[in-house]
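Scroll down for the structure; my scribbles are underneath it.
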Amino acid sequence: MKIDILTLFPEMFENIFSSSIIKRAQEEQKVVINTINFRDYSKDPHHKVDDTPYGGGDGMVLTCQPIFDCVEALKTEKSKVILLTPDGTKYEQKLAYNLSEEEHLIIICGHYEGFDERIRTLADLELSIGDYVLTGGEYASLVIVDSIVRLIPGVIKESSHQNESFNENLLDYPNYTKPREFRGMEVPEVLVSGDHKKIAEYRKNESIKKTQLRRPDMTLKRSDGYEL
Ligand code: 6GU
């Protein structure tokens, strides 16, 4: 998979993409991630990328030309163009799975007070990561890229995905490791019983209980009729 991120602040990505699992995924050629400063595509003599809003008001608005030229330079028939904006569709795990199967993602990070509305016509998908306002799409793109890259086959052990939160619209079950007792807190007996059927049952029940308690909204989304 190739991911091109259009941003005015490529330096914001450097440390994160050269650490941990994302670093390894790139080293193992599971993903190629480029950050592209769309200011380099500005035809303005001063490389301007924004201007004052028509109709007046505070702040500056990203202009069409640099972003259109940049996307058009990178795009092929196989590309999916994603625009990051607080008014986009809310990003969720299911979409992370779908996007992890794409060949080429072009991700546009909005910034400043906003962007020219016509930039939306470039996008196949407009995404937000939640109901709060960030200073720019850079943070959102880091979240989205991380959640996609970890799902690319071979990046992390496939079995790690089986029981994680949001699969089957359930939150993850509780995990314990050694020691068996810590400051009076004991590991549940069933987990040391060696009875794999009982353990699986316990984990499923704990997942269901936790989901009902913490995320009753998720219980509305189950498609299998499974009652929580
Ligand atoms: Cl994608 N961008 C910005 N600026 N703020 C956000 C967001 C995106 N998602 C949630 N808040």
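The values are calculated or read from the model by the stated rules, or taken from the named source; none is laboratory data. Because the structure is a prediction, the values reported are computed rather than measured. With ideal geometry, Cβ positions are generated from the backbone for all residues, glycine too; neighbour counts draw on all protein chains shown. With ligands, DNA and RNA removed, areas are computed over all heavy atoms of the protein, side chains included. Shrake-Rupley method; radii C 1.70, N 1.55, O 1.52, S 1.80 Å.
Under unit Cβ charges (Lys, Arg +1; Asp, Glu -1), what dipole magnitude, rounded to 20 debye, does the chain have relative to its Cα centre?
Values: 29 positive and 39 negative charges, 199 e Å.
For this selection, approximately 960 debye.
For Ser165, which sequence-distant residues (separation of 5 or more, or a different chain) have an amide H within less than 5 Å of its own amide H, given hydrogens modelled in the peptide plane?
Sorted by chain and number, the residues that satisfy this are Asp172.
Using only alpha carbon pairs under 8 Å that are at least six residues apart, calculate the relative contact order of segment 100-228 and give it in whole percent.
It rounds to 20 percent for segment 100-228.
Based on the Kirkwood radius over alpha-carbon pairs, what value in µm²/s does the Stokes-Einstein equation return for the translational diffusion coefficient of segment 121-165 at 10 °C and 1.306 mPa s?
Reported coefficient: 125 µm²/s.
Going toward the positive end of the dipole of the chain, with +1 on Lys and Arg Cβ and -1 on Asp and Glu Cβ, which of Leu62, Gln29, Ile119 do you reach last?
Positive-most Cα among the choices belongs to Gln29.
Taking a probe of 1.4 angstrom, what is the accessible area of Met12 in Å², to the nearest 10?
Counting only protein heavy atoms, Met12 exposes about 60 Å² to solvent.
Can you tell me the relative contact order of the chain? Whole percent, Cα pairs under 8 Å, sequence separation 6 or more.
19 percent
Between Glu14 and Glu164, what is the FRET efficiency for a Förster distance of 25 Å, r being their Cβ-Cβ separation, to the nearest 0.05?
0.35
Please report, ordered by residue number, every helix of the chain (full DSSP H runs) that is 15 Å or longer along its axis going by C-alpha atoms and whose mean Kyte-Doolittle hydropathy reaches -0.5. Walk me through the numbers before you get to the answer.
On the way: long enough: 64-74 (16 Å, 0.91); 137-149 (18 Å, 1.30); 196-214 (27 Å, -1.78).
Helices passing the filter in the chain: 64-74, 137-149.
With every protein chain present, what accessible area does Thr177 have (1.4 Å probe, heavy atoms only), rounded to the nearest 10 Å²?
Ignoring ligands and nucleic acids, Thr177 comes out at about 110 Å².
Suppose R0 equals 25 Å; then what is the FRET efficiency for Thr135 and Glu101 from their Cβ-Cβ distance, rounded to the nearest 0.05?
0.20
Local charge sum around Lys75 (other residues, Cβ-Cβ under 14 Å, Lys/Arg +1, Asp/Glu -1)?
Every neighbour counted, the sum reads -4.
Express the accessible area of the chain per residue in Å², computed with a 1.4 Å probe while the remaining protein chains stay in the model.
With all protein chains present, the chain gives 61 Å² per residue.
Got a sec? Charge dipole of segment 14-81, +1 on Cβ for Lys and Arg, -1 for Asp and Glu; which of Thr52, Thr76, Ser20 is way out at the positive end?
Positive-most Cα among the choices belongs to Ser20.
Under a cut-off of 17 Å between alpha-carbon atoms, report the aspartates and glutamates in cross-link reach of Lys157, not counting same-chain residues fewer than 8 places apart.
Glu27, Glu28, Glu101, Asp146, Asp172
For the chain, set up a Gaussian network in which alpha carbons nearer than 10 Å are linked by springs, and say which option among Ala96, Ala73, Ala140 fluctuates the most.
Ala73
Among Ser141, Asn167, Val190, flag the residue with its Cα farthest along the positive direction of the charge dipole of the chain, charges on Cβ as +1 for Lys/Arg and -1 for Asp/Glu.
Selected residue: Val190.
Add +1 for every Lys or Arg and -1 for every Asp or Glu among the other residues with Cβ under 11 Å from the Cβ of Asp116, and state the total.
Residues close to Asp116 contribute a combined charge of -1.
Which stretch or stretches of segment 140-177 have amide N atoms under 19 Å from the point lying 7 Å from Ile199's Cα along the Cα→Cβ direction?
157-165, 172-177
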